[in-house]
Amino acid sequence: MEQDAGQGAGKQAVPSLAKASGSMAIATLTSRVTGFGWKIMLTWLVGIGVVNDSFTIANTMPNIVFELLLGGVLASIVVPLLVRSQDDPDGGQAYTNRLLTVGMTGLLVGTVLAVAAAPLFTGLYVDGSTGKANPELVTAFAYLLLPEILFYGLFALLSAILQARHVFGPTAWAPVVNNLVIMATLVVYAVLPGEISLDPVQMGDLKLLVLGIGTTLGIVVQSAMLLPALRRIGFAFRWNWGFDARLREFGGLALWILGYVAISQVGMVVTQRVLTAAAAGGASIYANAWLLFQLPYGVIGVSLLTAILPRMSKAAAANDIDRLVDDLSTGSRLSAVMLVPISAVLTVTGTTIGVALFNGGATDLADAQRLGTALAFSAFGLLPYALVMLQLRVFYAMKDARTPTLIMVVMTAVKIPLIYLCGAVVRPDQVVIAVLLVNSLTYVVGAVLGQMWLWVRLGNLHSKKIIRVIAVSVLAGGAGMLVAWLAGRVLPDAVSLVTAWVTLVVQGVLASVVAFGVLAALRVPELRPATSRITRLVRRG
Amino acid sequence: MTTRRTEYPVGEAAAGIRARDGFLVPGGVVGDGRYRLLAEFGLDERANAHLWRAQDGQLRRDVALTLLVGEPGDTVAAANARRTLERTMHAARITHPGTSRVLDVLGPGNGVAPGEGLLGLIVADWAQGTDLIDVIAEHPLPPATAARLLEPLAAAVEQAHHSGMVLGVDHPQRVRVTPDGLLRLAFPGPLPAATLQDDVRGLGAILYLLLTGRWPLAGAPAAIPTAPLGPDGQVIAPRNLFPYIPYELSSAAVRSLSDDATGGIRTSSGLIRVLERAKVIEDVTQRIDAVEDDPDEDYDDDGTVWTTRRPNNDRSKRRKLAIGVTALAVATVGVLAWVGIQLISFFGDDAPSAGGPTVVATAPGGGGGQNNPAPPQPGEPIQSAGVQVFNVKGTPDNPRRASRAVDGDPKTSWKTDKYQQQFPALKPGVGIMASFAEPVPFAEVVIDSPSGGTVVEIRTAPSEKPGLADTKVIGRATLQPGKTRLQLDSAEPTQHLLIWITTLATGNVSELTDVGFVRAK
């Protein structure tokens, strides 16, 4: 969506975009941090176990349904059209109203159907045959959480409308409010006496209701936050039925994007089934480790790439292949220099991070360690993941939605047998570690595949240069890991919060200083723009 | 190429001019008498702009004049002319071999006398050379020559566009061929409504003209034949007129002309790259036919990646290589996954005893008031006959799973309920009662548990369901994560042994993975 907003801005040349993206970066960071905050609160209060698993799985369902119904299509098609419709004689009023009318009606129907089908979703995502999961509880949560679909949709549509008018602030800050509402919910949950009864699961259970309704309320508030901003830009909603002919020209593109989402969900279903069949806590460990995994990408990757992405889509639109390849190569190399050392740090300190963040409240040491180990084993996938995301943007910028979907097919085809292998071979409570490892490996496949097909289409991608930078980064990361590992032999075992934090800080600082130090000593040119951008960000903050 | 020069005071076009604007004749003067007209070189009818070669009476040099003819009373025409003059002034900043230098821009009251019948006058350096129309009059140019000719003009447009200015290259008579074989915009003066896109379209039209001798845009001068249209209303591709034209150039010309957002060439830089490549391909080979016949052509063309087109066999080779590398990557990842899984299993085996080696906990001295000087020596392990949850208050904790604590399987366990508060708030404790086939003297109990911090007492019991007061403590220990070995201080035989949890682990829940019993020797 950022990319599309960028295109829209190019058309009207709104001068405040640079400033807007700066404050947006802060808002994005805040929303990520608070989002992560409530996940940690949840594990502290509820523990890593059946309740957390059930909540986590149920909480992803509305997201999945929303993505399938509207998500990808919205970002890639509706928003550009929204921008284009501003050139209509009525300034896009009719199109916007029609979009809202049709979109929300469709979402309402979808939501009702999804809520009715909640037990089916549970049956799909939860393998309760081994008695390690609690499908009834998942279904109970799903009934409470699936109505979120409607509000996810409302939020997405409204923010698209706002972004088309170059209003970015409220859409960036609203998720923060959502996170705060959920945090408040968790406080209420903790204060309430009693337990969520697992056998039998009772829909009237007060704590269950609080957790479920509170979380949904967060999304409701998040979308309601946009209404004042909408009124401020003078938008008034009127019912307007009908189908805009312009949507039809994107039909093919939308189908491929939907295919992408659907196929990635096949992989997700298999993952969740194997996890829930293996051991209690698997799903929540997976979700939290994945969140931790994405955090560096979210903070560093995205902020580095937001600068490059609009340039890339502009170059692609202008058929300027040289510039496109140049930007792709720069993006890849910058990602390598920034993310490989972070991977190294995560690998060596993963277990400690798990203990430092999650060993508290209702979560015991073993689960926190398991979470951290899962992170350590999957951390190497950070760069491949970032590359896959980058390549995806390049394909979309070239208006090619088919190749990414086909790449996703290959990735999923590699992933599914490996995940079943994990479930069969690895000890049940360690399955989640193996699954995350496989997950990272499939991103390696995806990155190689994407690079190869871009090469087929675009010619020389300076791949050798990229590989050289990756090699140097791996070398630097390895040096950092070695030093941190040696330090770890002297440091206390991370078995409590205090020791974990001490170990984490010492090892983390050592590993990153050594890794980036080696990169700087080798005079890797890619380090310069990254550091200058960070210093600029710091100065701006 | 021909260097024949034709000057234009004769012919149909010239006759038309005289009829309408009789004052523009060779020898006449314009610009308050400063410029003497020499010969007319064309007419851009869209702006009623007459293109003349003239002589600067003061500096005694030849100049190219673009005369915007019109009555000052015609406000629309006057405004348009003003706009053209402004745009020309902006574009005058550009110096490039592809465009003649603008020397002066004159308007009414500013160099143009009121009675002259002119709305504006653009003075530029005279470009030596040949008319574009003469160059292609005999036959169209070879494709490579066309590309070479057009390139500097495209570069000039590119430079102008970089500064956001329109050059106005959309008319064939405004462009001339210099003696060193370059196209130059000889009569600057963009139309009032011309866009950047029009420049690109103009370049495409000139390319089309060079390749075919026909002009594909509207408003063609009478001297030039217009391009034939296909059944779809689009101009026919040059390649369909002259099959020897390379596909790439032909398609570039057509694509620059189209308004289509998808697949069209919308920037001059896009066109320049095609020209650069076309210059290199001097010979027109059959290979290019193969591109068009490629069954994958649709796929290649569905985006706008025309600039990536390389000789075809290179591409299919690359595709094969890509598939090979991908297969290799998949295989490598498969192997890595297997290694990783083994590694995890290896780590996993270690994990339960992460707290170090088995912890030996001796019973506290005089734990049961016994005065037994030497603890019993451990003998062989013994299986219990049955276990139950032992509970004295409230509901029993997971009673059906009690046997999981003694089944010898580290994957299964028995867990207490999760309590709000530590014992003895709700209960004094909870435990597992193990019964044996006969009274046995016990030396040790080994408890495998992940719940470090749990405090466990081992008690002998007279029956399967005694009161807590009837049981006797023979050992006590705080469990470490992993295996804890409790030495008991009584070898007194008993048929019932109680594992009694008095303090729960963190989170107010304790889990027993496995409990092993060792009899005394």
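The values are calculated or read from the model by the stated rules, or taken from the named source; none is laboratory data. Bear in mind that the values here come from a model prediction, so they are computed numbers and not experimental data. Backbone-built Cβ (ideal geometry, glycine too); neighbour counts: all protein chains shown.
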| query | Of all residues in region A:422-460, which are more than 7 Å from chain B (Cβ to nearest Cβ), of a type in the set (A, V, I, L, M) and surrounded by fewer than 24 Cβ atoms within 10 Å (Cβ to Cβ)? | reply | A:ALA424, A:LEU454
| task | Determine which single condition B:LYS465 fails, assuming it passes every other condition in (1) of a type in the set (D, E, K, R); (2) within 19 Å of B:ASP407 (Cα to Cα); (3) away from chain A (no Cβ under 14 Å). | result | (2)
| note | Counted residues in region A:126-137 being within 22 Å of A:LEU209 (Cα to Cα) and in a helix (DSSP H, G or I) come to 3
| request: Please enumerate the residues belonging to region B:327-351 that are of a type in the set (S, T, N, Q) and either at pLDDT below 75 or under 19 Å from A:ALA374 (Cα atoms) (or both). | output: B:GLN342, B:SER345
| query | In this structure, does B:GLY482 turn out to be touching a residue at least 40 places away in the same chain (Cβ under 8 Å), surrounded by 19 or more Cβ atoms within 10 Å (Cβ to Cβ), out of contact with any strand residue (DSSP E or B) (no Cβ under 6 Å at 6 or more places or on another chain) and within 21 Å of B:GLY507 (Cα to Cα)? | reply | yes
| Subset of region A:517-540 (residues that are out of contact with any Leu (no Cβ under 9 Å at 6 or more places or on another chain) and modelled with pLDDT of 80 or more) | A:GLY517, A:ALA521
| query | Can you pull out the residues in region B:423-455 that are outside any strand (DSSP E or B), within 14 Å of chain A (Cβ to nearest Cβ) and either in contact with a Phe, Trp or Tyr (Cβ under 6 Å, 6 or more places away or on another chain) or not small (Gly, Ala, Ser) (or both)? | reply | B:LEU426, B:PRO450, B:THR454
| field | Single residue of B:LEU141, B:LEU51, B:LEU67, B:LEU132 found to be in contact with a Pro (Cβ under 6 Å, 6 or more places away or on another chain) and closer than 26 Å to B:LEU209 by Cα | value | B:LEU132
| said: Here are the criteria: (1) surrounded by fewer than 24 Cβ atoms within 10 Å (Cβ to Cβ); (2) under 23 Å from the mean Cα position of the chain (by Cα); (3) in a helix (DSSP H, G or I). Tell me which single one A:PRO417 does not satisfy. | reply: (2)
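One line per residue, one yes/no per condition, for (1) touching a Leu at 6+ places or on another chain (Cβ under 7 Å); (2) at pLDDT below 85; (3) more than 13 Å from chain B (Cβ to nearest Cβ); (4) within 27 Å of A:VAL469 (Cβ to Cβ):
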site	(1), (2), (3), (4)
A:GLY354	yes, no, no, no
A:LEU357	no, no, yes, no
A:GLN369	no, no, no, no
A:TYR385	no, no, yes, yes
A:ALA401	yes, yes, no, no
| When you go through A:SER512, A:SER440 one by one, which is the residue that is part of a helix (DSSP H, G or I), out of contact with any strand residue (DSSP E or B) (no Cβ under 8 Å at 6 or more places or on another chain) and closer than 30 Å to A:ALA280 by Cβ? | A:SER440
| message | When the residues of region A:19-36 are narrowed to those that are touching a helix residue (DSSP H, G or I) at 6+ places or on another chain (Cβ under 7 Å) and not polar (S, T, N, Q), which ends up modelled with the lowest pLDDT? | response | A:GLY22
| note | The lone condition A:ARG489 fails out of (1) away from chain B (no Cβ under 11 Å); (2) surrounded by 18 or more Cβ atoms within 10 Å (Cβ to Cβ); (3) among the charged types (D, E, K, R) is (2)
| remark: Picking from A:ASN59, A:ASN63, A:ASN52, A:ASN97, the residue that is surrounded by fewer than 19 Cβ atoms within 10 Å (Cβ to Cβ), at pLDDT 80 or above and assigned by TED's automatic domain parsing to the domain that holds A:ILE182 would be A:ASN63
| note | If we keep only residues of region A:136-174 that are under 30 Å from A:ILE196 (Cβ atoms) and of a type in the set (Phe, Trp, Tyr), then the residue surrounded by the fewest Cβ atoms within 10 Å (Cβ to Cβ) is A:TYR143
| Meets criteria (assigned to a loop (DSSP other than H, G, I, E, B) and either within 14 Å of another protein chain (Cβ to nearest Cβ) or among the hydroxyl-bearing types (Ser, Thr, Tyr) (or both)) for B:SER384 | yes
| Pairs, please: C-beta under 6 Å, at least 6 apart or cross-chain, first residue on the phi < 0 side of the Ramachandran plot and in region B:216-238, second modelled with pLDDT under 75 and surrounded by 17 or more Cβ atoms within 10 Å (Cβ to Cβ)? | B:ALA222/B:ALA13; B:THR226/B:ALA220
| Restricting to region B:168-213, what's the tally of residues that are outside any helix (DSSP H, G or I), in contact with a strand residue (DSSP E or B) (Cβ under 6 Å, 6 or more places away or on another chain) and either aliphatic (A, V, I, L, M) or at negative phi (or both)? | 12
| said: Please pick out the residue among A:ALA287, A:ALA316, A:ALA277 that is within 14 Å of chain B (Cβ to nearest Cβ) and modelled with pLDDT of 80 or more. | reply: A:ALA277
| query | Yes or no: B:HIS162 under 18 Å from B:ASP199 (Cβ atoms) and at pLDDT below 85? | reply | yes
| field | Extreme residue, farthest from A:GLY49 (Cα to Cα), among residues of region A:175-226 that are hydroxyl-bearing (Ser, Thr, Tyr) and surrounded by 15 or more Cβ atoms within 10 Å (Cβ to Cβ) | value | A:SER223
| query | When the residues of region B:352-385 are filtered to those that are surrounded by fewer than 14 Cβ atoms within 10 Å (Cβ to Cβ) and among the small types (Gly, Ala, Ser), which remaining residue is modelled with the highest pLDDT? | reply | B:ALA385
| remark: The correct count of residues that are of a type in the set (Asp, Glu) and surrounded by 15 or more Cβ atoms within 10 Å (Cβ to Cβ) in region B:29-44 is 2
| request: Just need a number here: residues in region B:78-121 that are among the basic types (Lys, Arg) and over 18 Å from B:VAL157 (Cα atoms). | output: 2
| query | Tally time: how many residues in region B:389-427 are among the hydroxyl-bearing types (Ser, Thr, Tyr) and surrounded by fewer than 12 Cβ atoms within 10 Å (Cβ to Cβ)? | reply | 1
